[in-house]
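Data first, discussion second: the structure below is written as structure tokens.
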Amino acid sequence: MRRSERAFRLRTEFRFSFFAVLGFMVCTDREGAVLLCALACLLHELGHLTVMLMVRRPPSAVIFCGGGIHIRGGSTGFPAVIAGCAVNTALFLVFGLIPWENESVRLFGVLNLLIAAFNLLPIGTLDGRRLLELAVIRMLPPEKAASFTDIFERVMLVILLPAVMLLVFSGRLNFSAIIFFFYLLVVEILEKI
């Protein structure tokens, strides 16, 4: 059997932090949205994975950690990067905009929209960061593109931090949202050290 005909192998890794965050979210979930959110996140990553397999550049691993689900390796081109948010947006159009009688179905649609929007933030390992890099690298040399992306990310964090705190303290977001945001912030800072 030739190398290109070998079966696709994907290493899957579950870290303790994934179960810790999931457990915390389940315990503090008042709206019953955690499992719907987990399903939307899984479908988001399956969107990435599907495009990577279609372009024959599969990933080497899928890692479930406290900061989310990360795909390692594989295609990092525009179609593969935008696929996750495209899946979430399509699910929002089907489940969020149609006036379903079941509130859980509509909540699933809205959660998909929120996950797409969150993943489009140009921060850390989120899709928005890679999309920004793909756009900037077309206009600037690679070293300037990386510098610009880093500066843009820091500016976004400075804007987002007070915005998230304002939403939490005004009662528009629950307390677990701010804990999750701070966790992501700490993960991003530790990756840069």
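The residues listed here are LEU93, LEU114, LEU97; of these, the one that is surrounded by 14 or more Cβ atoms within 10 Å (Cβ to Cβ) and either assigned by TED's automatic domain parsing to the domain that holds PRO58 or over 22 Å from GLY32 (Cβ atoms) (or both) is LEU114. Note on segment 1-119: enclosed helices (runs of 4 or more DSSP H) holding 2 or more residues that are under 16 Å from the mean Cα position of the chain (by Cα), without any contact (Cβ under 8 Å) to a residue 12 or more places away in the chain and under 30 Å from LEU161 (Cβ atoms) are 103-119.
The values are calculated or read from the model by the stated rules, or taken from the named source; none is laboratory data. Quantities reported herein were computed from a predicted structural model and do not represent experimental measurements. Glycine gets a Cβ as well: all are built from the backbone with ideal geometry, and neighbour counts include every protein chain shown.
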